[in-house]
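Participant: This is the structure I want to talk about, given as structure tokens.
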Amino acid sequence: MQYHSTRGTAPILNFHDAMMTGLARDGGLYLPLTVPTLSHAAIKALRGQSYEDIAFAIMQPFMGDTFSDAEFRDLIAKAYAGFGHAARAPLVQLAPNHFLLELFHGPTLAFKDFAMQLIGQMMQAALAKSGDRITIVGATSGDTGSAAIEAFRGLANVDLFILFPKGRVSDVQRRQMTTPIESNVHAIAVEGDFDDCQACVKDMFNDFDFRDGVHLAGVNSINWARVLAQVVYYFSSALSLGAPDRAVSFTVPTGNFGDIFAGYIARKMGLPIEKLVIATNQNNILHRAIATGAYKTDGVRPSISPSMDIQVSSNFERVLYDACGEDGAAVVALMADLKAGGFSLEQGSLDFLREAFASGDCSEAETLASIAHSYASTGEVLCPHSAVGVHVAAGYLGATPMITLATAHPAKFPDAVQKAIGQRPALPPRMAGLFERAERITCAPNDLAALQQLVRERIIS
Ligand SMILES: *Cc1c(COP(=O)(O)O)cnc(C)c1O
């Protein structure tokens, strides 16, 4: 399996190198040259299998010879062993034909654990073979950071730097990043918003002296290996509801477009998905893009669903590549327009997107009402991100079963939940003690040179 960049001029890589590289050297994102498809019979044969067995069947065709089958099965088993639910990604029912896919049973209580635990295992295995040492730098709007820290803490050949927007993550999210004691973990509070953090990381990758000098690797949601790991639960949940004999739709609380892009890949592989509904909070650039064709940035407004407070959704570039007829030069032109404030999609591209995607947005008041409504009508306590999804999904219910992704555990966002239902959700027992542990934080300006300096100093000492 070979991977090429959305911008068309970076080297073609195998799975191992695409995973280790993260961002392509031309600034683009890696995609498989062709997406393997599974026949109806092959999908049907996965019914009733364990999450781990489905994961192996879905991901193995993308891996090339990076790992032997036995090795890969072992890495998958280790990745999900620490989850607090035997089904890994259980489905519960919210309303007639509306289901909630609980993706928050991993070690940091958000769906990011599905990809991060696996990429942690895969990178560790690959580095053990090569003897290399890497520096991982990632930006987080809250949940990626803790998921990465949980996956890489204490590893001998990895230094991990997580940039997060100072004051814009929840206390639980911050403490999950700042309380681990391992010295290879560095949580950096940046004076800026998530888009600033993400831009800094991108600039580090585009500075080749720095990139090669510190052996930079990326585990942000643009990393192909992370997208791939997320494809699995689209299959496992759809199979539970009768796929491939019956189509399903998904609604996905969306920020950086990584999670829903995995759904798009599942659809390309042959899973019968009718619609993928993009659910945004008040930062609704993606909803506006699908509704009007205009992708225009207008600044981030902090919300109670902070992991979706994003304007520039990195992974949207991947679907734009397909929407532009796999024309790397066209993607380069759109991304240049985006730096200058935005672009308008051509009708053909917009039609392409609307065939697969629908969209909706959810205000702050609607998010709180959604939490309250789910609690009153089902007893299910939603996190604010999942509540955005459930609110948007309600507009698309019909004959096709709808699966809304619950992306985080409500206890990660107790203030919003309390505001909605007057109760604070309890942290699961394995998180007890989070508020007693000492925090280690480094503050830094929103400045590329200063952040690069900090990384260099820390990896030497
Ligand atoms: C990261 C995150 C999202 C957004 O996912 P993307 O893949 O960035 O679209 C939604 N909800 C929660 C809780 C998250 O942590």
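Participant: Counting just the residues of segment 267-302 that are small (Gly, Ala, Ser) and at pLDDT 95 or above, which one comes out surrounded by the fewest Cβ atoms within 10 Å (Cβ to Cβ)?
Facilitator: Within segment 267-302, the match that is surrounded by the fewest Cβ atoms within 10 Å (Cβ to Cβ) is Ala294.
Participant: Listed residues Val232, Val252, Val219; which is surrounded by 24 or more Cβ atoms within 10 Å (Cβ to Cβ) and at pLDDT below 95?
Facilitator: Val219
Participant: Further question: Is it the case, given these coordinates, that Arg153 is closer than 23 Å to Asp415 by Cα, surrounded by fewer than 24 Cβ atoms within 10 Å (Cβ to Cβ) and more than 14 Å from the ligand (Cβ to nearest atom)?
Facilitator: In short, no.
Participant: Count, please, the residues in segment 402-415 that happen to be away from the ligand (no atom under 14 Å from the Cβ) and surrounded by 24 or more Cβ atoms within 10 Å (Cβ to Cβ).
Facilitator: Going through segment 402-415 one residue at a time, the tally reaches 2.
Participant: Scan segment 137-152 and report the pairs whose first residue is in a loop (DSSP other than H, G, I, E, B) and whose second residue is more than 11 Å from the ligand (Cβ to nearest atom), with Cβ atoms within less than 6 Å and a gap of 6+ or a chain change.
Facilitator: Within 6 Å, the pairs are Thr140/Ile162; Thr140/Phe164.
Participant: Let me ask another. Based on this model, can you work out whether Ala365 counts as over 20 Å from Ser307 (Cβ atoms), without any contact (Cβ under 8 Å) to a residue 60 or more places away in the chain, surrounded by fewer than 18 Cβ atoms within 10 Å (Cβ to Cβ) and not aromatic (Phe, Trp, Tyr)?
Facilitator: No; evaluated as a whole, the condition is false for this residue.
Participant: Restricting the search to segment 364-399, which residues are among the hydrophobic types (A, V, I, L, M, F, W, C), under 12 Å from Lys419 (Cβ atoms) and within 16 Å of the ligand (Cβ to nearest atom)?
Facilitator: Ile371, Ala387
Participant: Here are the criteria: (1) more than 24 Å from the chain's Cα centre (by Cα); (2) of a type in the set (Ser, Thr, Tyr); (3) modelled with pLDDT of 95 or more. Tell me which single one Ser461 does not satisfy.
Facilitator: Only one criterion is unmet by Ser461, namely (3).
Participant: Return the residues of segment 245-272 that are within 8 Å of the ligand (Cβ to nearest atom) and in a loop (DSSP other than H, G, I, E, B); say none if nothing qualifies.
Facilitator: Hits for segment 245-272 are Thr254, Gly255, Asn256, Phe257.
Participant: Would you call Ala199 part of a helix (DSSP H, G or I), over 22 Å from Gly263 (Cβ atoms) and aliphatic (A, V, I, L, M)?
Facilitator: Here the answer is yes, as Ala199 does meet what is asked.
Participant: With the condition kept exactly as written, say whether any residue in segment 270-284 is over 21 Å from the mean Cα position of the chain (by Cα) and of a type in the set (Val, Ile, Thr).
Facilitator: no
Participant: Return the total of residues in segment 126-140 being farther than 24 Å from Gln198 by Cα and surrounded by fewer than 17 Cβ atoms within 10 Å (Cβ to Cβ).
Facilitator: Total meeting the criteria: 5.
Participant: Further question: Scan segment 321-341 residue by residue and report those that are in contact with a Lys or Arg (Cβ under 8 Å, 6 or more places away or on another chain) and either β-branched (Val, Ile, Thr) or buried (at least 17 other Cβ atoms within 10 Å of the Cβ) (or both).
Facilitator: Gly328, Val331, Val332, Met335
Participant: Does segment 176-186 include one or more residues that are of a type outside the set (Phe, Trp, Tyr), assigned to a helix (DSSP H, G or I), crowded, with 20+ Cβ neighbours inside 10 Å and out of contact with any Phe, Trp or Tyr (no Cβ under 8 Å at 6 or more places or on another chain)?
Facilitator: yes
Participant: Tell me yes or no: at least one residue of segment 292-300 is more than 9 Å from the ligand (Cβ to nearest atom) and closer than 17 Å to Glu366 by Cβ.
Facilitator: Looking for residues that are more than 9 Å from the ligand (Cβ to nearest atom) and closer than 17 Å to Glu366 by Cβ, one finds none in segment 292-300, hence no.
Participant: Check whether at least one residue in segment 411-419 is in a loop (DSSP other than H, G, I, E, B) and at positive phi, and report yes or no.
Facilitator: Taking every residue of segment 411-419 in turn, none turns out to be in a loop (DSSP other than H, G, I, E, B) and at positive phi.
Participant: Name the residue, out of Asp361, Asp337, that is within 21 Å of Gly299 (Cα to Cα) and over 23 Å from the mean Cα position of the chain (by Cα).
Facilitator: Asp337
Participant: Restricting to segment 86-107, give me the number of residues that are on the phi > 0 side of the Ramachandran plot and either at pLDDT below 95 or of a type in the set (S, T, N, Q) (or both).
Facilitator: 1
The values are calculated or read from the model by the stated rules, or taken from the named source; none is laboratory data. In this text, all values refer to a predicted model and were calculated from it rather than measured experimentally. Glycine gets a Cβ as well: all are built from the backbone with ideal geometry, and neighbour counts include every protein chain shown.
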